[in-house]
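Taking it in order: structure first as structure tokens, then the write-up.
The values are calculated or read from the model by the stated rules, or taken from the named source; none is laboratory data. The model shown is predicted, which means the values in this text are computed figures rather than measured ones. A quick note on method: Cβ atoms are made from the backbone with ideal geometry, for glycine too, and the neighbour counts reach across all protein chains shown. Calculation scope for accessible area: heavy atoms of the full protein, side chains included, ligands and nucleic acids excluded. Shrake-Rupley method; radii C 1.70, N 1.55, O 1.52, S 1.80 Å.
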Amino acid sequence: MHNFLAKTCALTGIILMLGLPAPAFPDAYKDGIQCVSAIQTVTNAWPADNPGKIKADETAALWRAYSQTLSEASDETIAADVDTGKADLTAAIISFKGDQAAMTGYMNAIMQRCSMAPPVVEAPSTCIAVAGAEQKSADFALNLHQYNLSLQSGAEALATRAEMAKDEKKMADAQRILDRYAGAQDAPTEKLLELMQIEAEGRMAIFNRCLSQIEE
């Protein structure tokens with residue numbers, strides 16, 4: 001019964017180089033698109049059965065999914081942005097006008113970052129749903145703690161105040177997420193039902209990923 005109530009309240013080569021961490025949203029969307037564009041451009045002529053090509057295609061697919069999750073853009077929009085990214089990359093390469101060292105340094109910097117799979121991210125609509133639910137849950141807990149505090153003293157009251165501080169921080173963090181993704185589309189019903197089935201620890205993992213995405 002307690003578990004049900006908790007859920008209900010919570011919801012109302014170049015390619016193979018070592019890479020660098022992906023930057024935070026919103027620039028992450030553009031960086032993800034750039035990675036897809038760069039990987040596809042560099043490996044375009046590689047044989048399909050080349051192990052490096054297979055690995056590169058897998059990495060590009062992860063970067064594509066990363067950008068699409070962050071933006072919730074359509075397949076058509078992502079494809080168009082990747083095409084634009086390829087054109088931009090080609091133009092940048094041409095601009096070096098035969099300066100091989102400069103061009104190599106430019107490409108190495110991009111591919112070093114793009115060779116690593118991107119971090120797991122959450123869609124803005126998911127972040128909105130989880131943050132809103134966690135904020136309501138924390139507010140409910142604060143009201144309960146406030147009532148309990150009126151009956152407590154000493155060490156028991158100190159412990160309750162410590163819990164209240166945690167809930168206040170969660171509410172503030174949730175509001176930051178809600179403010180950052182204000183205007184995001186609503187999560188589909190299927191996603192909301194899925195979130196209802198997740199235990200508190202799993203929801204907090206999602207909440208923390210959403211929080212990390214908005215950190216500067």
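For residue 30, only one of the following conditions fails: (1) at pLDDT 95 or above; (2) within 17 Å of residue 107 (Cα to Cα); (3) under 17 Å from the mean Cα position of the chain (by Cα). What is its number?
All conditions pass for residue 30, except number (1).
State the number of residues belonging to region 177-194 that are under 11 Å from residue 127 (Cβ atoms) and touching a helix residue (DSSP H, G or I) at 6+ places or on another chain (Cβ under 7 Å).
Total meeting the criteria: 5.
Among the residues of region 42-64, which ones are small (Gly, Ala, Ser) and open to solvent by 50 Å² or more (accessible area, probe 1.4 Å)?
45, 48, 61
With the condition kept exactly as written, say whether any residue in region 159-166 is of a type outside the set (Phe, Trp, Tyr) and closer than 22 Å to residue 213 by Cβ.
Yes, region 159-166 contains a residue that is of a type outside the set (Phe, Trp, Tyr) and closer than 22 Å to residue 213 by Cβ.
Pairs, please: C-beta under 6 Å, at least 6 apart or cross-chain, first residue within 13 Å of residue 89 (Cα to Cα) and in region 27-45, second open to solvent by 10 Å² or more (accessible area, probe 1.4 Å) and charged (D, E, K, R)?
Close Cβ pairs satisfying both conditions: 33/81; 36/64; 37/86; 41/86.
Looking only at region 101-136, how many residues end up being touching a Lys or Arg at 6+ places or on another chain (Cβ under 8 Å) and among the hydroxyl-bearing types (Ser, Thr, Tyr)?
The qualifying residues number 2.
Determine which member of the set 111, 103, 107 is more than 28 Å from the chain's Cα centre (by Cα) and not in a loop (DSSP other than H, G, I, E, B).
So the residue among 111, 103, 107 that is more than 28 Å from the chain's Cα centre (by Cα) and not in a loop (DSSP other than H, G, I, E, B) is 103.
Being touching a Leu at 6+ places or on another chain (Cβ under 8 Å), among the β-branched types (Val, Ile, Thr), within 21 Å of residue 201 (Cβ to Cβ) and not in a helix (DSSP H, G or I) is true for just one of 130, 121. Which residue is that?
Residue meeting the stated conditions: 121.
Among 61, 48, which is small (Gly, Ala, Ser) and at pLDDT 95 or above?
Among 61, 48, only 61 is small (Gly, Ala, Ser) and at pLDDT 95 or above.
Inside region 194-210, can you point out the residues that are of a type in the set (S, T, N, Q) and exposed (fewer than 12 other Cβ atoms within 10 Å of the Cβ)?
Hit for region 194-210 is 197, nothing else.
Sort out which residues of region 42-99 are part of a loop (DSSP other than H, G, I, E, B) and of a type in the set (A, V, I, L, M), and write them in order of number.
Selection gives 45, 48, 73.
Let's see how each residue does on (1) within 29 Å of residue 40 (Cβ to Cβ); (2) loosely packed, with under 15 Cβ neighbours inside 10 Å:
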position: 116; (1), (2): yes, no
position: 124; (1), (2): yes, no
position: 131; (1), (2): no, no
position: 155; (1), (2): no, yes
position: 161; (1), (2): no, yes
position: 173; (1), (2): no, no
position: 192; (1), (2): no, no
position: 212; (1), (2): yes, yes
